[in-house]
Structures are given as structure tokens and as C-alpha cells.
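The values are calculated or read from the model by the stated rules, or taken from the named source; none is laboratory data. As the structure is a prediction and not an experimental result, all values here were calculated from the model. Reconstructed Cβ throughout: ideal geometry from the backbone, glycine too, with neighbour counts over all protein chains shown.
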Amino acid sequence: MGDIEGGDGAADLAKGRSERHALLMIWGAIILIGFLIFLFGQYQAFRSKASLDWPTTSGEIVVSRVTKNQSEEGVTYSADIEYSYTVDGERYSSNVVVIGGHDYSPRDVVSRYSVGNEVLVAYDPVRPHKAVLEPGKLTNGTQQFGLMMMGGALFMAALIDFIFRRSLNEELNLFDHVMIISFKIVFFPFWYLKGNLWILGAMVGLAGWLSTLDGSPVITVPLMFFAAFYGVLGALLLWCRFMGWVYSFQDDGSGASDDATEDS
């Protein structure tokens, strides 16, 4: 009997480890995708910097409109800008305002680049069909998204690995101790603020506002992650408190009915 139980335990252990490895491979693939997105953002930053030395030519705005995009997630608006220009007698067209995407509102872009306006176009001397209206300007959205994807996937992979190791009763190693210390650091604001959601909300709002300012991704990405992570945790804590408040009325009602039954 003991051999059977031992065999079942070994089989469960092997199954748990295979499941853990499969999940870690999935999160590892997400980390790789995030890294590739970050590299693409770096490539855009390189091209944006190089565009400062590109030659320029005159061009004309031929399309300028706000486009409405309908999807399952809702309605979004984007600026549809297209301009034409001539290089060495050959005519080209492009729709790139800022390499890597602009952070202007669609209406601001359309009002800035109206149809028929003459513009100065910077074009790649090697590939003249590549052009930009605002050389040297770059938004860090792509790099930030890649870093957030890598950071979030790395955190989830570490968390899953830690949970599986604990469920399989494996011995604590250095990584497990690091995870335990990390959890204490992550949840330190909740313990230090003693559950004060007003102060936490102010901290999340301040971090979110600072992350929107132009700055290095090394600073803005951690601020964005702080605002998103603690914002979600704060919302969950607020929801739990709200549900506890709702259930307290039900408890009071049931308690009153029980007292009335005992009195009768």
C-alpha cells in the first residue's frame, strides 16, 4: 500500500512540475514578445534621432481627417494624415507625422495639418519613400509597453513558480526567500498606510500623472507600473470593503429576525 501511495505521490509531483514548466514557458514567450516590442521601440528611437540629419523637401497635405474606429472595446478616434512630396522628380506619399506615433489628440493633429497646407518633409536619403513631418520627436509608448509586458510577465512567472513550489512542498531556496521578501516589499504600502485608501489613491494618482510627463522610460515605466498595480489592488480592497458593508446589513437583518423568533 505504501508503495502505491509513494507511486501516486511521485506521479503527482511529476505532473505538478510539468504543469509548472508549461506555464513558465508560456510566460517566458510573453517576456520574449515584450522584449521584441521594446527592441522595436529602440529601433524607432534610433530612426527618430537619425531623421534630424535627413534632407528635407516641400510637401503638401492631401488627407487630413479624424477617423472613428468602432470595436468591441468601444469607440476610439485617430488622425488620418497623408501628405505628398517630390524627391529627384519622383512623387511619394507618407502618413508618418512622428516616428513611433504622436501623443497629440486627433483633433489637434488635424487642425495643425489641414488639407492643402504646405509642409516641410524630412525623408530618408537611402529610402526616399520613408518620410516624417516632425523629425527627432519620439513618444516612448512602444518602449514603455514592452517594458511593462516584460515586467508583468516576469512577475507572474515568478509568482506561479513560487506557488507551485510551495504546493509541491519543495524546500525553500534562495529564490523563494527573495520572493517572500518581495511580497513583503510589494504589500508594504498597504501595511504602512494601515489600509487608508485616500492616501493610497493620492499616491496612485500622483504616480499616474508623473508617468505621463516626458521623461526617461527608466523613471516613467516604474511609475506607470506602480499606478496600475496599486490602483488595481486598491480597487479590489475598496470592493471588498463595499461588499463587507453590504453584507453587514444582511447580517443585521438576519440577527434581528433571529431575536424576534427567540422572543416569540
inquiry  = For the structure I just gave you, tell me whether residue 42 is within 32 Å of the chain's Cα centre (by Cα), part of a strand (DSSP E or B) and within 30 Å of residue 153 (Cα to Cα).
reply    = no
Subset of the stretch 100-109, residues touching a helix residue (DSSP H, G or I) at 6+ places or on another chain (Cβ under 9 Å) and either aromatic (Phe, Trp, Tyr) or not in a loop (DSSP other than H, G, I, E, B) (or both), comes to 104
For this session: Determine whether residue 11 is surrounded by fewer than 12 Cβ atoms within 10 Å (Cβ to Cβ) and at pLDDT below 90.
Result: yes
Of the residues in the stretch 100-109 that are within 21 Å of the chain's Cα centre (by Cα) and farther than 9 Å from residue 137 by Cβ, the one that is surrounded by the most Cβ atoms within 10 Å (Cβ to Cβ) is 104
Practice problem: Would you check if there is a residue in the stretch 83-99 being in contact with a helix residue (DSSP H, G or I) (Cβ under 6 Å, 6 or more places away or on another chain), closer than 30 Å to residue 151 by Cβ and not acidic (Asp, Glu)? | Solution: yes
Condition set over 33 Å from the mean Cα position of the chain (by Cα) and either in a strand (DSSP E or B) or small (Gly, Ala, Ser) (or both), scope the stretch 84-99, selection farthest from residue 41 (Cα to Cα): answer is 89
For this session: Kindly check whether there is at least one residue in the stretch 85-92 that is closer than 25 Å to residue 214 by Cβ, among the hydroxyl-bearing types (Ser, Thr, Tyr), modelled with pLDDT of 85 or more and surrounded by fewer than 18 Cβ atoms within 10 Å (Cβ to Cβ).
Result: no
Self-check item: Test: residue in the stretch 47-67 that is under 30 Å from residue 169 (Cα atoms) and modelled with pLDDT of 90 or more
Solution: no
Taking first residues from the stretch 96-123 that are of a type outside the set (Gly, Ala, Ser) and modelled with pLDDT of 90 or more and second residues anywhere that are exposed (fewer than 14 other Cβ atoms within 10 Å of the Cβ) and assigned to a loop (DSSP other than H, G, I, E, B), the pairs with Cβ under 9 Å that are 6 or more apart or on different chains are 123/55; 123/129
Taking the stretch 65-95 and keeping residues polar (S, T, N, Q), in contact with a strand residue (DSSP E or B) (Cβ under 8 Å, 6 or more places away or on another chain) and free of Cβ contacts under 8 Å to residues at least 12 places away in the same chain leaves 69, 76
Of (1) closer than 30 Å to residue 41 by Cβ; (2) at pLDDT 75 or above; (3) among the aliphatic types (A, V, I, L, M), residue 185 fails just (2)
